[in-house]
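Enquirer: Just passing along the structure, written as structure tokens.
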Amino acid sequence: MSDLAKYSKARASHDSEFADGLEAGYAEFKVGALLRQAREKAGLTQEQVAERLETKKSSISRIENSAGSIRLSTLERYARAIGWQVNLELRPGRRSSNPRESG
């Protein structure tokens with residue numbers, strides 16, 4: 001485990017605000033990374049995806065690098081352009097948001 005990973009884990013264990021921000025940032029990074037990986041597995045360049053979506057390569061780069069704020073409709077169009085589909089999954093988080101459970 002790297003020093004950064006050790007620090008992040010230790011701080012997140014006693015600083016819930018830091019943990020939430022770390023988790024949110026990771027989620028945004030992960031979406032973009034997943035999009036890039038899917039595009040590469042499909043054997044497509046950013047230019048090819050841009051052409052299929054009738055947009056610019058810079059737009060595809062922006063989607064892949066800051067996908068945390070991507071609209072679901074854009075995500076679905078991107079997926080169709082690379083021959084994939086979106087599968088949305090909801091699961092319980094780390095902490096309950098139900099006020100009755102927080103006591």
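Enquirer: So which lysines pass the test for Lys6, namely a Cα distance under 29 Å, with those fewer than 8 places away in the same chain ruled out?
Expert: Once the sequence-local lysines are set aside, what remains near Lys6 is Lys30.
Enquirer: Which one of Leu72, Gln46, Gly32 has its Cα pushed farthest toward the positive end of the charge dipole of the stretch 14-81, where Lys and Arg give +1 and Asp and Glu give -1 at the Cβ?
Expert: Checking the options against the dipole of the stretch 14-81, the answer is Gln46.
Enquirer: Next question. Just need log10 I(q)/I(0) for the stretch 14-81 at q = 0.15, 0.18, 0.27 Å⁻¹, Debye formula, equal scatterers on the alpha-carbon atoms, no solvent, rounded to two decimals.
Expert: -0.49, -0.64, -1.21
Enquirer: What order do you get for 13-22, 55-64 when each peptide is scored by the mean count of other beta carbon atoms within 10 Å, highest first?
Expert: By packing density, highest mean first, the sequence is 55-64, 13-22.
Enquirer: What percent does the relative contact order of the stretch 14-81 come to when contacts are Cα pairs within less than 8 Å and at least six residues apart?
Expert: Relative contact order here is 38 percent.
Enquirer: Computed FRET efficiency, Cβ-Cβ of Lys6 and Leu88, R0 30 Å: what is it to the nearest 0.05?
Expert: Once the sixth-power term is evaluated, E becomes 0.35.
A short reminder: the numbers here are calculations on the coordinates, not readings from a lab. In this text, all values refer to a predicted model and were calculated from it rather than measured experimentally. Here Cβ is always computed from backbone atoms with ideal geometry, including for glycine, and neighbour counts include all displayed protein chains.
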